[in-house]
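Enquirer: Let me begin by handing over the structure; questions about it come next.
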Amino acid sequence: MEFNKMEALLEKYFEGETSIAEENELKNYFSSSNVASHLEQYKPLFGYIVEAKNEKFEKNISLLSKKKKISWLSIAATIVVIIGIGTYTYFNVNDYFNVNEVKEKQELGTYEDPKEALEATQKALAMLSNNVNTGIEGMQYIKVYEMTKDKVFID
């Protein structure tokens, strides 16, 4: 009779439907010496649960001290600063070694002779005038379109 009850409890256990009291009953049964021979295969399972409950973790875990954390943080900050300086130098190295080009860039657009300056200014204004006239011609098409549209939709 008790074997049938244990088999039914085992089925409930494997389906995940047992209560804590029923699981304790199974543990007590399988930890005793009078286990049915056809249920012997489940004895290590419930024996392990009892043994695992009694195990304790005894390994010593060393924690990092604050000094070690701060030293790693300072090393990382130093590396970031060095990379930043290196990147800045890499991208701006031409400015340091090409001083003549920098002076030429600063002197761009200055004239010693007033006649040359007048000619360059007139040339620049003529180019500007041509571009503005081209834009105004484009606006003429829009004006014609609006007048035509007004005639079509008003009448």
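Enquirer: Fewest to most neighbouring Cβ within 10 Å: what's the order for L118, L10?
Expert: L118, L10
Enquirer: How would you rank 18-25, 121-128, highest first, on the average number of other Cβ atoms within 10 Å across their residues?
Expert: 18-25, 121-128
Enquirer: Taking H placed 1.01 Å from N in the peptide plane, check which residues at least 5 places from T18 or on another chain put their amide H under 5 Å from its amide H.
Expert: Long-range HN contacts for T18: none found.
Just so you know, all these numbers are worked out from the coordinates, no wet-lab data involved. Because the structure is a prediction, the values reported are computed rather than measured. All Cβ positions, glycine included, derive from the backbone under ideal geometry; neighbour counts span all protein chains shown.
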